[in-house]
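The values are calculated or read from the model by the stated rules, or taken from the named source; none is laboratory data. Quick caveat: nothing in here was measured; it's all calculated off a predicted structure. As a convention, Cβ positions derive from the backbone with ideal geometry for all residues, glycine included, and neighbour counts pool all protein chains shown.
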Amino acid sequence: MRGAAQLLSNLSGYITLITLPQTQTARVRHLQLVQVDPKRVMLVVVTDDYETRSTLMDLSPLAVETADAVAEVEIIDRELQILSNFLNDRLRGRSIAEMMELDWSELDREFSRYADSIAAWLKSLTDRMQEPTSSRMMVSGIAEVLRQPEFTELNQVQTLLALLEKEQDRLWPLMFVPYGGGSQPDKRVNIRIGAENPLEPMRACTLISATYQRDTVPVGSVGMLGPTRMVYEDAIALVEATADYLSETLSQTN
């Protein structure tokens, strides 16, 4: 993502914006149940975009009661590893939304006491992972575009920099308009010129953006921000080519 943003800004001479893939569409790469202490376990999920989420869980109702505390820890560790293997076998490659579709009847009877608790832990973790991640955005090429004559006024530059560096949550909804939904459902490429941009710091700019996909699901957007006099044919072609490249790369990671 960072390399694509830098390459696009170098080719165009404009600011490049790439929203990172939304977690809702990320796929499970690895899960692990780790005993933290005799009464608690941590469930760790790593997604295919290498984001890691974890939740701490109460183990005490499920603990194996033995006279030997060391033996009890070893038994639980062994069972947690078997459960981790089961979860990885059934969930690896699935989307976060599909984590709740696990068939617990396939779990061996001796581990069935864990089923309800793990299902609840997965639901809790899934709910948190599906929260919006609207501020996650790569920005490249600021130094290049500031050499343009439209950006010689200090106040204008300062407000634009503040938007790009500290207020990305305001910019993000303009960037990621999922294809097949949102305010412009029939357009893969969105173009906002000058006053069409609702944010004051962008009124002297044009924003061109295109969605990229994982398989057929829009997960993020590639954008180019520059002066309104940009060569639109070239700019649109560059944005679309970058979006196509990211779509192909993400789809190949399944």
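Inside region 224-234, can you point out the residues that are more than 23 Å from residue 153 (Cβ to Cβ) and either among the aliphatic types (A, V, I, L, M) or touching a residue at least 40 places away in the same chain (Cβ under 8 Å) (or both)? Please lay out each step first, then the result.
We begin by selecting, within region 224-234, every residue more than 23 Å from residue 153 (Cβ to Cβ); these are 231-234.
Answer for region 224-234, where residues must be more than 23 Å from residue 153 (Cβ to Cβ) and either among the aliphatic types (A, V, I, L, M) or touching a residue at least 40 places away in the same chain (Cβ under 8 Å) (or both): 231, 232, 234.
If you go through region 88-108 and keep only what is without any contact (Cβ under 8 Å) to a residue 40 or more places away in the chain and part of a helix (DSSP H, G or I), you end up with 89, 90, 98, 100, 101, 104, 105, 106.
Would you be able to say whether some residue in region 80-92 is modelled with pLDDT of 80 or more, closer than 30 Å to residue 240 by Cβ and either more than 18 Å from the chain's Cα centre (by Cα) or charged (D, E, K, R) (or both)?
Here is the first cut: in region 80-92, the residues modelled with pLDDT of 80 or more are 80-92.
Within this subset, residues satisfying the condition of being closer than 30 Å to residue 240 by Cβ are none.
Scanning region 80-92, I find no residue that is modelled with pLDDT of 80 or more, closer than 30 Å to residue 240 by Cβ and either more than 18 Å from the chain's Cα centre (by Cα) or charged (D, E, K, R) (or both), so the answer is no.
Report yes if residue 142 is under 26 Å from residue 1 (Cα atoms) and modelled with pLDDT of 80 or more, otherwise no.
On the way: under 26 Å from residue 1 (Cα atoms): yes; modelled with pLDDT of 80 or more: yes.
The answer is yes for residue 142.
So that you can scan it fast, the table gives a plain yes or no per residue for (1) surrounded by 13 or more Cβ atoms within 10 Å (Cβ to Cβ); (2) out of contact with any Cys (no Cβ under 7 Å at 6 or more places or on another chain); (3) modelled with pLDDT of 75 or more; (4) not polar (S, T, N, Q):
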residue	(1), (2), (3), (4)
28	yes, yes, yes, yes
36	no, yes, yes, yes
43	yes, yes, yes, yes
53	yes, yes, yes, yes
57	yes, yes, yes, yes
60	no, yes, no, no
67	no, yes, no, yes
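Scanning region 224-254 for residues that are surrounded by 16 or more Cβ atoms within 10 Å (Cβ to Cβ), outside any strand (DSSP E or B) and not hydrophobic (A, V, I, L, M, F, W, C) yields 240, 242, 247.
Give region 198-223 a look and list any residue that's free of Cβ contacts under 8 Å to residues at least 60 places away in the same chain and of a type in the set (S, T, N, Q), or say none. Selection gives 206, 211, 213, 216.
Of the residues making up region 146-160, not one is over 20 Å from residue 13 (Cβ atoms), without any contact (Cβ under 8 Å) to a residue 40 or more places away in the chain and among the hydroxyl-bearing types (Ser, Thr, Tyr).
Picking from 183, 124, 117, 134, which residue would you name as being at pLDDT below 85, assigned to a loop (DSSP other than H, G, I, E, B), among the hydroxyl-bearing types (Ser, Thr, Tyr) and under 30 Å from residue 46 (Cβ atoms)? So that I can check it myself, show each step before the final result.
On the way: 183 fails: under 30 Å from residue 46 (Cβ atoms); 124 fails: assigned to a loop (DSSP other than H, G, I, E, B); 117 fails: assigned to a loop (DSSP other than H, G, I, E, B).
Checking each option against the conditions leaves just 134.
The sole residue among 235, 210 that is over 28 Å from residue 96 (Cα atoms), modelled with pLDDT of 85 or more and assigned by TED's automatic domain parsing to the domain that holds residue 18 is 235.
The residue pairs whose first member lies in region 161-176 and is on the phi < 0 side of the Ramachandran plot, whose second member is exposed (fewer than 15 other Cβ atoms within 10 Å of the Cβ) and of a type in the set (S, T, N, Q), and whose beta carbons are closer than 7 Å, counting only pairs six or more residues apart or on different chains, are 168/135; 169/135; 172/135.
Each residue in region 184-223 was checked for being within 20 Å of the chain's Cα centre (by Cα) and surrounded by 15 or more Cβ atoms within 10 Å (Cβ to Cβ), and 14 of them qualify.
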